[in-house]
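The values are calculated or read from the model by the stated rules, or taken from the named source; none is laboratory data. Here the structure is a predicted model, which is why all the values come from computation and not from measurement. Every residue, glycine as well, gets a Cβ built from its backbone with ideal geometry; the counts of neighbours run over all protein chains shown. For the accessible areas, the whole protein counts, side chains as well, though only heavy atoms, and no ligand, DNA or RNA atoms are used. Shrake-Rupley method; radii C 1.70, N 1.55, O 1.52, S 1.80 Å.
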Amino acid sequence: MERIVLLGPPGSGKGTQAELLCKRENFIHLSTGDLLRGEITGKTEFGRMVKEYIDNGLLVPDDKITDYVLNYLSKNDLYKKRVIFDGFPRRIFQSEALINSMKENASNLECAVLIELDDKTVIDRLSNRLVCSKCKKIFPGTYEEDNCSDCHQKLIKRTDDNTDVIKKRIEVYKAETEELIGYFEKKSMLKRIDGMGTSEEVFERIKKVLNEYV
Ligand code: AMP
């Protein structure tokens, strides 16, 4: 399995799983959120354009984000590499454009992995988790230290990890991804993964699905 889309609600462990897949299975993590934040920090023209959308919680227009991602894939020679798409595609227009562009470049998108978790668990996890103030690594509420295990900086709570905002984020996630889930399901590309349990348990489930394609 070479190119996959990772889907899942906030708190489903998408970031952790992407990190494990990169470390252990040689994937490249393509997170549009991270790339766009990098453009903003780098004060590029594109960064200035997308900042307004991001700051207002709006999606960047389909044509702009799609051109950007497809350009990024070809500039970095990623069509034939192992890539995890995280945050893109977010809409059917984007999915179609990505799948078509893959075909044109003699490549393909193999499946969409959806990490499923019920709302109550999402709220519990997000309201208890901590994040490293420096490297942004995420730690569950059960982690007993005050500092990051990687870079030893202080762990903090994200400002949007409070119950009201969490409920809003779940709503937004559902509104945004529902049509995408249906779209991948119709194409028989959707793989549902149970997101309960430890990150290692979830990782094993994902690996099993990926190995079915070998
Ligand atoms: P994320 O970190 O994935 O939540 O993305 C942060 C913000 O970047 C989103 O709220 C959007 O404004 C923008 N963004 C990221 N990916 C996309 C996308 N595929 N389509 C449109 N906007 C996006």
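Could you work out what % of the accessible surface of the chain is carbon and sulfur, using a 1.4 angstrom probe and leaving DNA, RNA and ligands out of the count?
C and S atoms contribute 49 percent here.
Through the Karplus equation 6.51 cos²θ - 1.76 cosθ + 1.60, θ set to phi - 60°, convert the phi angles of region 24-32 into ³J(HN,Hα) values in whole Hz; use x for Gly and Pro.
9, 10, 6, 8, 9, 8, 10, 9, 5
Region 138-190: which GluC sites (Glu not before Pro) are DSSP loop and have at most 12 other beta-carbon atoms within 10 angstrom? List each step's numbers first, then the result.
Details: sites: Glu144, Glu145, Glu171, Glu176, Glu178, Glu179, Glu185; in loops: Glu144, Glu145.
Passing both the DSSP loop test and the Cβ count: Glu144, Glu145.
So for the pair Glu201, Asn105, with labels modelled 7 Å out along Cα→Cβ, what separation do we get in nm?
A separation of 3.7 nm, rounded to one decimal place.
Using only DSSP helix segments of four residues or longer, with each worth -39500 (n - 2.57), what per-residue ellipticity at 222 nm results for the chain after dividing by its residue count and rounding to 500?
Values: 8 runs with 107 residues, N = 214.
Estimated from H runs of four or more residues: -16000 deg cm²/dmol.
List the lysines whose Cα lies under 21 Å from the Cα of Lys174, skipping any in the same chain that are fewer than 8 positions away.
Within the straight-line cut-off, Lys174 pairs with Lys14, Lys120, Lys186, Lys187, Lys191.
Using the heavy atoms of the protein chains and a 1.4 angstrom probe, tell me the accessible area per residue for region 64-214 in square angstrom. Before the final figure, lay out the partial values.
Values: 8730 Å² over 151 residues.
Computed with neighbouring chains in place, this is 58 Å² per residue.
Residue-wise, which Karplus ³J(HN,Hα) couplings in Hz belong to region 96-102, taking 6.51 cos²θ - 1.76 cosθ + 1.60, θ = phi - 60°, and x for glycine or proline?
4, 5, 5, 5, 5, 5, 4
Restricting to DSSP loop positions (anything but H, G, I, E, B) with no more than 12 other Cβ atoms inside 10 Å of their own Cβ, which chymotrypsin sites (Phe, Trp or Tyr not before Pro) remain in region 74-152?
Values: sites: Tyr79, Phe85, Phe93, Tyr143; in loops: Tyr79, Tyr143.
Those that pass, being in a loop and sparsely packed, number zero.
Ordered by residue, what ³J(HN,Hα) values in Hz, to whole numbers, does region 6-23 give under the Karplus form 6.51 cos²θ - 1.76 cosθ + 1.60, where θ = phi - 60° and Gly and Pro are x?
The phi angles translate into 9, 10, x, x, x, x, 7, x, 4, x, 4, 5, 4, 5, 5, 5, 6, 5 Hz.
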